[in-house]
Amino acid sequence: MAILVCGGAGYIGSHTVRQLCAAGEEVIIADNLSTGHREAIPAVKFYECDIRDKDALKKIFAENKIEAVFHFAAYIEAGESVKLPLKYFNNNVYGMQILLEAM
């Protein structure tokens, strides 16, 4: 059984992935690399996709036996969120909805 880490190429996600791997867990990363970094991804299964892409998420769940999901694929810049609230709503709220539906 595997753990899916959405946003696993970002700062918090990549640290979580390293800790999970150190604990002997099978880890799968889903990240669109919009703010994450490919070089932050260790030698684990990686899907470059957006959490708002339901078909991509369904594929990940169909191809893997996932027992848990860590969701770090959210925008976090407070100042920008005030200037661009719909961008944040679309990714953080709608993205979470799509992830839950795929789960």
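Can we say LYS83 is touching a strand residue (DSSP E or B) at 6+ places or on another chain (Cβ under 9 Å), of a type in the set (D, E, K, R) and open to solvent by 40 Å² or more (accessible area, probe 1.4 Å)?
Working: touching a strand residue (DSSP E or B) at 6+ places or on another chain (Cβ under 9 Å): no; of a type in the set (D, E, K, R): yes; open to solvent by 40 Å² or more (accessible area, probe 1.4 Å): yes.
No: the conditions fail for LYS83.
Is there any pair linking a residue in region 19-30 that is within 10 Å of ILE3 (Cα to Cα) to one that is β-branched (Val, Ile, Thr) and part of a helix (DSSP H, G or I), with Cβ under 8 Å and at least six apart or on different chains, and which?
Matching pairs, first to second residue: VAL27/VAL17; ILE28/ILE60; ILE29/VAL17.
Name every residue in region 1-47 that is open to solvent by 70 Å² or more (accessible area, probe 1.4 Å) and not in a loop (DSSP other than H, G, I, E, B), in order of residue number.
Selection gives TYR11, ILE12, HIS15, ARG18, GLN19, ALA22, GLU26, ARG38, GLU39, LYS45.
How many of the residues in region 59-79 are charged (D, E, K, R), loosely packed, with under 14 Cβ neighbours inside 10 Å and more than 20 Å from ILE12 (Cβ to Cβ)? Spell out how you get there, then give the answer.
Of region 59-79, the ones charged (D, E, K, R) are 59, 63, 65, 67, 77.
Imposing the further condition that a residue be loosely packed, with under 14 Cβ neighbours inside 10 Å reduces the set to 63, 65, 67, 77.
Those left that are additionally more than 20 Å from ILE12 (Cβ to Cβ): 63, 65, 67.
Counting residues in region 59-79 that are charged (D, E, K, R), loosely packed, with under 14 Cβ neighbours inside 10 Å and more than 20 Å from ILE12 (Cβ to Cβ) gives 3.
Would you check if there is a residue in region 23-46 being out of contact with any helix residue (DSSP H, G or I) (no Cβ under 8 Å at 6 or more places or on another chain), among the basic types (Lys, Arg) and modelled with pLDDT of 95 or more?
Checked region 23-46: at least one residue is out of contact with any helix residue (DSSP H, G or I) (no Cβ under 8 Å at 6 or more places or on another chain), among the basic types (Lys, Arg) and modelled with pLDDT of 95 or more.
From the list ALA56, ALA68, ALA73, ALA62, which residue is assigned to a loop (DSSP other than H, G, I, E, B) and not hydroxyl-bearing (Ser, Thr, Tyr)?
Result: ALA73 is the single residue among ALA56, ALA68, ALA73, ALA62 that is assigned to a loop (DSSP other than H, G, I, E, B) and not hydroxyl-bearing (Ser, Thr, Tyr).
Collect the residues in region 61-73 that are within 13 Å of ILE98 (Cα to Cα) and among the aliphatic types (A, V, I, L, M), keeping them in residue-number order.
The one that is within 13 Å of ILE98 (Cα to Cα) and among the aliphatic types (A, V, I, L, M): ALA73.
The values are calculated or read from the model by the stated rules, or taken from the named source; none is laboratory data. The structure displayed is predicted, hence computed values, not measured ones. Note that each Cβ is placed from the backbone with ideal geometry, even for glycine, and that neighbours are counted across all protein chains shown. The area values use the complete protein model at the heavy-atom level, side chains included, leaving out ligands, DNA and RNA. Shrake-Rupley method; radii C 1.70, N 1.55, O 1.52, S 1.80 Å.
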